[in-house]
Structure formats: C-alpha cells, structure tokens
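Chemist: After the structure tokens below, expect a handful of questions from me.
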Amino acid sequence: MAIFAIVGATGVVGTKMIERLAESELKVDKLYLMASARSVGKKIKFRDIEIEVEELNENSFDKDIDYALFSAGGSTSLEFAPIAEKNGVIVIDNSSAWRMDPEIDLIVPECNKPTLQRKIIANPNCSTIQSVVPLRPLHDAFGLSHITYTTYQAVSGSGKGGIDDLLNGQEGIEPKKYPHPIYNNVLPHIDVFLENGYTKEEMKMVNETKKILSLDDSVGISATCVRVPVLNSHSVEIDVEFKKETTVEEIREVLKNAPGVILVDNVQENEYPMPINATGIDEVLVGRIRRDISRPNGFHIWCVADNIRKGAASNAVQIAEMIEASK
Ligand code: 2RA
C-alpha cells in the first residue's frame, strides 16, 4: 500500500503516468494530482475515482506521501524535489535536472538498481531508455566497445506543442514549438545546440548511457538526434561494436531472452520494428539486426519504443514497482 503524487499531472507525460499507474498492480491508497495554478480544479479519472488537481506549492508534501512522480520540467524539479525529499517522499523525476548528479540514481529497471543514497531518482531521457534496454544484456554478453546512435524522434517527445505543430502543419499553419515546419519535414535538431556542435539531446544520450551501464571512457559513444513527422514512438538506429567476437544469431539469442525486449526481426516477411506497433506497449521492439559490412565486429540494431510510455511514464512507474517489490 502506498500513497502517490503526480506532479505535472495534466501534461502529456503526467496524463500517461496516471494511466500507467492505474494499470499497475501497485496498491495505491491515495493519489494526489498536482500542477500549476491554471489546472487547479480540473477533475481526472484514476481507476474508478475522480481526483481534483491541486496547486503545487511548498506545503504540497507535508502530507503522508510515499512516491511523487514529477514531470513538470527542470526548474520545478529543482525547486520542489528537495522539498519532497526532505519530507521523506521518494521522488521519481522525469526532467533532466538531476540525471547527471553523481549522488542521484539514474534508473532503467531492466538495466540497473537504485541505491537510494538520495530519495530523488532520475528517469532517463526517452531515447536513452529504449536504447539501453537492449544494450544492457548485449554488454553483459559481449562487452560494448563503441556506440553510434541515430534517432528518429516523434513529436510527442516535445509535448503538446510538438503534436500541435505536426497536426497544424498539415493545415498549413506555421509552427510554434519548432523553428521550422515538422510536417513533411525532418529536423536534425532536438533541444539546444551546445558549444561542441552537438545538441543537448545528443549529449544526454552519450552521458546517460555511460552512467546507466557504468561504462568507462574506453567505450566511445556518439549520437545524432533527429525529429521526424511521427506522432508517437521513437526509433533509434544503434551502430554498435563489441569487444568479444559474436554473430547476428548470438545477438538475436541474447535479445530473445532479454527483459523488456520483443524481437521483431524477420525481413523475409517484411517484419521489423515500427512506431505504429510500439505505441501503447512498454516493451522495446528490436530488429533489422545485421553485421556491418565495413568493419569487424560492428552490428546495426534498429529499436523502437513508445517514448511516452517506456520512455517516460512507464519507466517511472516501473521504478516505483521495483522499490515496492524489494520491500
Ligand atoms: C524529446 N527527449 O523527444 C525528448 C523528450 N524527453 O524531445
């Protein structure tokens, strides 16, 4: 039995957190829904009850809350997660604010376990989560030596603004969220550009992968992140090199038995992972596994996952499920 709060309850991810928590087998004694002042009073259904959204403020965590799932942006997390933590709440935070703090656990339940050194746990970036789920067992089996990611990210990753830009773009309406139209277009630009020429999203993939899989600096990682005109579910091409020699068959065998992975790899029947098949499920779909023809021990792996479920809401709920199961 546990008492939950969802902070940012009316956003795209917050709404999915409510839905995913309702699906969970967790016993939820009570759920508080918190958001900014403009959503106060809104009623949202959770299981068979209606809950009124309340305003998030510094007294919100005076109540007896066990877990607070945050998806309200970095500045809200920086301000309110420590207040919740001080009140004994386990915070599972979907923003990037805490992810690279050395005292903070960055958790994908299929890959690593929280130490709970602090009561704030970070939920990784969506495209990182779906990539490390298949990479964890492959690293354990063959040892990663190099990774190059190329992503094809859906507009739902930008929240309602991204979805609106794609749908409005079909009607010829100018974009508001993105600097260019996303309808009938592709943007090699996610989050802000940094001094090294990479975007923040690309560096999130690099740094978070290292932290989650405890990789040392001998493992080179690079990423190119691209926004595509797809409503939901991100696709990632993982170009990977292993330390140990292996084969496509051995990689398939590992992934067939990997937690959180569904192998969809039968090109003779045109079967491979696609966003339309990943949306609505928590598993990461993996396929198109092939040996790189240009170098030894290099392979290509295509993976697709629902960025709002496994890439955000479901991963957060699974972290709570993991902690509850360990009690
Ligand atoms: C995106 N990674 O897809 C972000 C969402 N966290 O833009």
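Chemist: Need pairs with beta-carbon distance below 7 Å; first residue more than 17 Å from residue 99 (Cα to Cα) and within the range 122-150, second of a type in the set (Ser, Thr, Tyr) and within 16 Å of the ligand (Cβ to nearest atom); sequence gap 6+ or separate chains.
Modeler: Within 7 Å, the pairs are 147/209; 149/131; 150/224.
Chemist: Give the range 252-278 a look and list any residue that's closer than 20 Å to residue 127 by Cα, in contact with an Asp or Glu (Cβ under 9 Å, 6 or more places away or on another chain) and not β-branched (Val, Ile, Thr), or say none.
Modeler: Across the range 252-278, the qualifying residues are 255, 258, 259, 260, 272, 273, 275, 278.
Chemist: Keeping to the range 17-51, report how many residues are acidic (Asp, Glu) and either part of a loop (DSSP other than H, G, I, E, B) or under 13 Å from residue 6 (Cβ atoms) (or both).
Modeler: 3
Chemist: A follow-up question, please. Take the residues in the range 188-205 that are within 11 Å of the ligand (Cβ to nearest atom) and among the acidic types (Asp, Glu); name whichever of them is surrounded by the fewest Cβ atoms within 10 Å (Cβ to Cβ).
Modeler: Here the residue is 191.
Chemist: Restricting to the range 206-222, name every residue that is within 12 Å of the ligand (Cβ to nearest atom) and either closer than 11 Å to residue 135 by Cβ or not in a helix (DSSP H, G or I) (or both).
Modeler: Within the range 206-222, none qualify.
Chemist: Separate question: Just to be sure, is residue 183 over 17 Å from the mean Cα position of the chain (by Cα), within 16 Å of the ligand (Cβ to nearest atom) and assigned to a loop (DSSP other than H, G, I, E, B)?
Modeler: No.
Chemist: If you don't mind, another one. Quick check on the range 142-157: of everything there that is out of contact with any Gly (no Cβ under 6 Å at 6 or more places or on another chain) and within 13 Å of the ligand (Cβ to nearest atom), which residue is nearest to residue 295 (Cα to Cα)?
Modeler: Restricting to residues being out of contact with any Gly (no Cβ under 6 Å at 6 or more places or on another chain) and within 13 Å of the ligand (Cβ to nearest atom), the top hit is 149.
Chemist: Is it the case that some residue within the range 279-296 is under 18 Å from residue 121 (Cβ atoms), more than 16 Å from the ligand (Cβ to nearest atom) and crowded, with 23+ Cβ neighbours inside 10 Å?
Modeler: Within the range 279-296 (the criterion being under 18 Å from residue 121 (Cβ atoms), more than 16 Å from the ligand (Cβ to nearest atom) and crowded, with 23+ Cβ neighbours inside 10 Å), the answer is no, since none of the residues qualifies.
Chemist: Checking residue 125 against (1) within 30 Å of residue 299 (Cα to Cα); (2) in contact with a strand residue (DSSP E or B) (Cβ under 7 Å, 6 or more places away or on another chain); (3) crowded, with 24+ Cβ neighbours inside 10 Å, which single condition isn't satisfied?
Modeler: In the conditions (1) within 30 Å of residue 299 (Cα to Cα); (2) in contact with a strand residue (DSSP E or B) (Cβ under 7 Å, 6 or more places away or on another chain); (3) crowded, with 24+ Cβ neighbours inside 10 Å, residue 125 misses (2) alone.
Chemist: Which count do you get for residues in the range 128-140 that are closer than 21 Å to residue 91 by Cβ and surrounded by fewer than 21 Cβ atoms within 10 Å (Cβ to Cβ)?
Modeler: The number of residues fulfilling the criteria is 0.
Chemist: Say whether the condition of being more than 16 Å from the ligand (Cβ to nearest atom) and in contact with a Phe, Trp or Tyr (Cβ under 6 Å, 6 or more places away or on another chain) is met by at least one residue in the range 158-168.
Modeler: Checked against the condition, which is being more than 16 Å from the ligand (Cβ to nearest atom) and in contact with a Phe, Trp or Tyr (Cβ under 6 Å, 6 or more places away or on another chain), the range 158-168 yields no hits at all.
Chemist: Tell me whether the range 35-50 contains one or more residues that are modelled with pLDDT of 95 or more, closer than 23 Å to residue 157 by Cβ, surrounded by 16 or more Cβ atoms within 10 Å (Cβ to Cβ) and within 18 Å of the chain's Cα centre (by Cα).
Modeler: no
Chemist: Kindly indicate which of 176, 204 is touching a helix residue (DSSP H, G or I) at 6+ places or on another chain (Cβ under 7 Å), among the charged types (D, E, K, R), more than 18 Å from residue 126 (Cβ to Cβ) and modelled with pLDDT of 95 or more.
Modeler: 176
Chemist: State which residue is farthest from the ligand (Cβ to nearest atom) when the search covers only the range 297-327 and only residues that are under 21 Å from residue 9 (Cβ atoms), β-branched (Val, Ile, Thr) and touching a Ser or Thr at 6+ places or on another chain (Cβ under 8 Å).
Modeler: 317
Chemist: Against the condition under 29 Å from residue 191 (Cα atoms) and either exposed (fewer than 13 other Cβ atoms within 10 Å of the Cβ) or within 16 Å of the ligand (Cβ to nearest atom) (or both), how does residue 112 come out, does it pass?
Modeler: When the stated conditions are applied, residue 112 does not pass them.
The values are calculated or read from the model by the stated rules, or taken from the named source; none is laboratory data. Please read all numbers here as calculations on a predicted model, not as lab measurements. When we count neighbours, we look across all protein chains shown, and the Cβ atoms used for this are built from the backbone with ideal geometry, even at glycine.
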